[in-house]
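The block underneath contains the structure these notes are about, expressed in structure tokens.
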Amino acid sequence: MKNIPAPGPGVPAEWVVIIGAGPAGLAAAARLGQLGVRAEILECGEGVASSWRQRYDRLRMNTCRWNITLWFGRFPRRTSTFPTRDEFVRYMESYVSKHDLKVRFGVRVDRIDRVADGWRLATSAGEWSVRDVIVATGHGRIAELPRWTGHDRFPGRLLHSAEYRNPREFRGKDVVVVGSGCSGMEIAGDLAQGGAGRVRLSVRTPPHIVLRTSAWGPNDLLAAALQRLPTRMADSVDALIRRKTVGDLAPYGLSLPGEGTFSAFRRDDAQPTIVDSDVIEAIKGGRIEIVAGVSSVDADGVRLDDGTTLLPDTIIAATGFRTGLQPLVGHLDVLDDEGVPRSSGGSAIAAGLYFLGYEKGVGVIGPRARRATRDLCQQLVAARR
């Protein structure tokens, strides 16, 4: 892995600068290299995949290793079917070495501005001028903590799921996990297995639940096949699989959503909650209690939408992330109301300015990411001719 000390003048102007050494940034650099274009990756952390390194210990990828590979970068044979956090980080470290990628660690990019012949980057290592920039810092950059009125008066501990590592410090504690996405459910399961005194999962909107794997194998492979079917047919097959693998969770507080998994995805890119069977067993066994959504948090505890008040030792908010792109490019009018790039993984959003890794998708993340990388790199190279 090449960690080049950051020089004052930056990189040659004809090089492409990629911001972020996560999966998208590494894949783009490798593909550009194959196309004969030199790229330099700027990473504010001290290693590749810095956001992945900080996730909780139990984390496994929701996509199997055959589907999540980057450009020309297979996982080692002994890798788990669904790579662990550490396996994925090691994979990306080896990817840098295999493709001889140039990465400058410890360089923070604060702002991108348009100049006559390209773009000026204000960085912690000085100002650099380049022709083409790819922003690939990812969706999950800034933890999104709900602004519950009075939360600063809560007598217990309040943290975001990004701060959670493992259940050791919560043994014997009463914990409320807020959010029924993948992280929320998985953390609740981790706490239930790890000795927390009581675990409650706050759910406002019932999720579409999909097991990570089943008798048919990795369910992301099955999802790839179902996406080729008409929506109604895909929903019917998915509902049958859920009955066989997850069962009826309504008696435990998790009713079925009002529409099918694929209908929700095709309508607004709503993604399912992907979990392992032990989480479902913990819900059915009462080790994870389902409660209503949180309406407020204050000195009196946690008030739920149904009027119930809880007084847990700890609240873990698994309430998502923001891109954090506003200070970087917000002034360029390239973001939507949620701070997500208006265009990602294809044509330049402005001449020489590209975004990669902000595409929405479900199931086959690897193939989707590879297509987005291919399209963007081809567009960038073509624009240089």
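The values are calculated or read from the model by the stated rules, or taken from the named source; none is laboratory data. Just so it is clear, the structure is predicted and the values come from calculations on it, not from any experiment. Note that each Cβ is placed from the backbone with ideal geometry, even for glycine, and that neighbours are counted across all protein chains shown. With ligands, DNA and RNA removed, areas are computed over all heavy atoms of the protein, side chains included. Shrake-Rupley method; radii C 1.70, N 1.55, O 1.52, S 1.80 Å.
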- Task: Collect the residues in region 170-196 that are of a type outside the set (A, V, I, L, M, F, W, C), without any contact (Cβ under 8 Å) to a residue 40 or more places away in the chain and touching a strand residue (DSSP E or B) at 6+ places or on another chain (Cβ under 6 Å), keeping them in residue-number order.
- Result: 195
- Message: Any residue at all in region 231-249 that's in contact (Cβ under 8 Å) with a residue 40 or more places away in the chain, of a type in the set (D, E, K, R) and open to solvent by 40 Å² or more (accessible area, probe 1.4 Å)?
- Response: no
- Item | Hits in region 1-46 - residues which are at pLDDT 90 or above, surrounded by fewer than 16 Cβ atoms within 10 Å (Cβ to Cβ) and in contact with an Asp or Glu (Cβ under 8 Å, 6 or more places away or on another chain) | 38
- Message: Against the condition out of contact with any Asp or Glu (no Cβ under 9 Å at 6 or more places or on another chain), open to solvent by 10 Å² or more (accessible area, probe 1.4 Å) and hydroxyl-bearing (Ser, Thr, Tyr), how does residue 347 come out, does it pass?
- Response: no
- Message: residue 136 - would you say it is among the aliphatic types (A, V, I, L, M) and either farther than 21 Å from residue 21 by Cβ or free of Cβ contacts under 8 Å to residues at least 60 places away in the same chain (or both)?
- Response: no
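Let's see how each residue does on (1) modelled with pLDDT of 95 or more; (2) open to solvent by less than 10 Å² (accessible area, probe 1.4 Å); (3) under 14 Å from residue 290 (Cβ atoms); (4) not hydroxyl-bearing (Ser, Thr, Tyr):
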position: 160; (1), (2), (3), (4): yes, yes, no, yes
position: 166; (1), (2), (3), (4): yes, no, no, yes
position: 169; (1), (2), (3), (4): yes, no, no, yes
position: 176; (1), (2), (3), (4): yes, yes, yes, yes
position: 188; (1), (2), (3), (4): yes, yes, yes, yes
position: 192; (1), (2), (3), (4): yes, no, yes, yes
position: 196; (1), (2), (3), (4): yes, no, no, yes
position: 203; (1), (2), (3), (4): yes, no, yes, yes
- Message: Which condition from (1) in a loop (DSSP other than H, G, I, E, B); (2) surrounded by 15 or more Cβ atoms within 10 Å (Cβ to Cβ) is the one that residue 307 breaks?
- Response: (2)
- Query: Of the residues 288, 315, which single one is open to solvent by less than 30 Å² (accessible area, probe 1.4 Å) and in contact with a helix residue (DSSP H, G or I) (Cβ under 6 Å, 6 or more places away or on another chain)?
  - Reply: 288
- Query: In region 107-136, what count of residues is obtained for those that are touching a strand residue (DSSP E or B) at 6+ places or on another chain (Cβ under 9 Å) and open to solvent by 40 Å² or more (accessible area, probe 1.4 Å)?
  - Reply: 10
